[in-house]
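Read-outs throughout are calculated quantities, based only on the coordinates presented, and are distinct from any laboratory measurement. Everything numeric here is computed off the predicted structure, so don't read it as measured data. Note that we place each Cβ from the backbone using ideal geometry, even for glycine, and neighbour counts take in every protein chain shown.
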Amino acid sequence: MKIKYLASAVALMMLTSGSAMAKNDLASFHTEMGDCQTCHVTGKIKDIKKSMTDSETHENAQCQDCHGGYADLVNDKLEFDPHASHLGEINCTSCHTAHAKPQLTCNNCHNFEMEMPFADAKEKKKWDGDWNQDKIQKAIAKGPVETVDVIVVGGGSAGFNAAIAADMTGANVVLFEKAPYTGGNSMLAAGGMNAVGTPQQKAKGIEDKEEWYIEDAMKGGRYQNDPKLVQILAEESADAVKWLGELGADMSELKRSGGQQAERTHAPSGGRSVGPYLIDTLRKVSVDRKMDVRVNSRVEKLVLNDDQSIAGVVVHGRHTGYNMVAAKSVVLSTGGYGLNKEMVSYYRPTMRDMTSSNNVTATGDGVLLAKEIGASMTDIDWVQAHPTIGKDSRILISETVRGVGAIMVNKDGDRFINELTTRDRASDAILKQPEQFAWLVFDEQLVAKKEMVRGYEHLNMLSKANTVEELAQITGMSDLPNTVKAYNDYQVSGKDTDFERPDMPLNLTKAPFYAVKVAPGIHHTMGGIAIDTDTNVLNLQSWKMEGLFAAGEVTGGVHGYNRLGGNAIADTVVFGRIAGENAAKHALEKK
Ligand code: MEZ
């Protein structure tokens, strides 16, 4: 599929003029219109160097000044608007980079052809993989250039929740994000957030209990979870939904994820994906509270005092270089290592060649930083394959598609498992099917309930037909008509005698009918840094490392060997908040 993206009336003219087309980087394009001052504070190189922030704050404000905000960039020539996708309101220079290749392009994850303007700059000095030990040591020797109370490393949901909680506790906080945009893996989360005992459950008359939440998470994790962490997850989950509500997030929809006894996966209304929605809400809160959030800022070292307490970090800014920033507390919230090939090969060699639904940021930085200073790891080798990643793609087909009613069948159109089983079991079952893939099949009733399915359609991932027979013919699933008939009968009787699926909210009767081809791919790294119930990072002797906290996917213990759908966002919000509050209290006590 080709997506025509045209920025604005001015950019449209420039883009279609021959000379501008040849200059597919913002710098050469804009120098034709004026001098460097068009984008930078002054036109003089030495002043530009001094004035550049790592977040390219002035430069991005200039883009908006001339072109307007994202809403002004919507163009009727677009098949769909990439600005309204899961990226949310991120810096223009995240994707359209001035002097060097952008870090983030849609083609990193999507496998359709995408024409994106100003995305083809020359590869200049590589910032991405450049961790320079000499420069780190020089920055430490020079001493801190700044002092704050709390440093949060990583700007996904755990990081934002920690930073906001620390800010509300009265600490002076800086959040460093290595990517040119915040959001991390969380911004790709689709399904929702598990919580028990919420007003949302009460309003729908859903019976649920903390004991059931704990039982489900422990059973799903093959009883390898840390029960104390799971108890906190369950006990604090309703308050976490309330806190998100107070921050402006509507989590009013409810559904059931695999391995759960009740509908407890909370999501925004209208069937929208939870991740981009939540991250946009948290970003706005950080802006309203005037918090210090810096992108293009990669923490490359945790610095300790002689007594082994936290002294601060060395951060590598894309423009400002290597600097030490002092703080009494550091929160690690860098996410998992699902996209670090070396780490996956080392810890889970059997998954080395699997696709992954993860954001390009999921490279395990926090684990590496913490290990280097002697932190202990829990279940570090447990990696989750999500059963339904779009086949030959990196796009997650949310588990909630099954939760809302889709059936899962093999290449011949036969069901082979209870669709609402846990992810490990579903993935294993798919890998035992002929050609190791499956189809999710559903009808128009489901599409009407789940807005996110329209996104899959835009991405040309769906096969679509007016009858089940026609769908069977175009996909080669010869047994599908019989399977659908049997399933519809089970749905009416409320008893699935083939696979004992516990919940069948929809039948498949309303045209058009759809199918999407899926296969397992790396989704979540369950193991990571060992923490206690206050989110203190533990060392190899299980002593807490003073001033160092961690939350979210970078930690281990919460999910055991297998995470249930909806427990990742719950983990990031519950433990992100705890980490932020405790980090702030610790720093303020030590002041
Ligand atoms: O928690 C998750 O990973 C989740 C619900 C994913 C999904 O399939 O939507």
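A compact table of results
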item	result
Label-to-label distance, nm, for residues given as residue 288 and residue 134 (7 Å Cα→Cβ offset)	4.9
Cut-off of 10 Å, at most 12 other beta carbons, DSSP loop: longest stretch of the chain lacking such GluC sites (Glu not before Pro)	208-499
Net length gained if the chain between residue 203 and residue 242 were fully extended (0.36 nm per residue, minus Cα distance)	12.6 nm
Surrounding net charge for residue 187, when Lys and Arg each add one and Asp and Glu each subtract one, Cβ distance under 15 Å	+1
Count, lysine Cα pairs under 29 Å in region 163-279, 8 or more residues apart or across chains	17
Whole-number Å³ per residue for the convex hull built on Cα positions in region 224-276	108
Over 31 Å (Cα to Cα) - which of 101/391; 46/371; 142/284 fall in this group	46/371; 142/284
Normalised alpha carbon radius of gyration of the chain [divisor 2.2 N^0.38 Å]	0.98
At R0 = 35 Å, FRET efficiency that the Cβ-Cβ distance of residue 116 and residue 222 yields, to 0.05	0.20
Cβ-isolated cysteines (cut-off 4.7 Å), the chain	36, 39, 66, 95, 106, 109
Loop-resident sites, region 525-590, for chymotrypsin sites (Phe, Trp or Tyr not before Pro), counting at most 15 other Cβ within 10 Å (DSSP)	543
Extension gain from residue 71 to residue 589, taking 0.36 nm per residue of separation minus the Cα-Cα distance	182.0 nm
Gain in span if fully extended, residue 436 to residue 35, counting 0.36 nm per residue against the direct Cα distance	138.8 nm
Prolate/oblate/rounded call for region 386-521, Cα gyration tensor, a/c under 1.5 rounded	rounded
Simple spin-label estimate for residue 498 and residue 350 in nanometres, 7 Å along Cα-Cβ	2.7
Two-decimal Rg/Rh across region 189-255, once Rg and the Kirkwood Rh are taken from alpha-carbon atoms	0.98
Pairwise label distance in nanometres, residue 147 with residue 168, each label 7 Å out on the Cα-Cβ vector	2.8
Rounded to the nearest 20 debye, dipole of the chain from Cβ charges on Lys, Arg, Asp, Glu	940
Trypsin sites (Lys or Arg not before Pro) lying in DSSP loop within region 218-286, provided at most 15 other Cβ fall within 10 Å	222
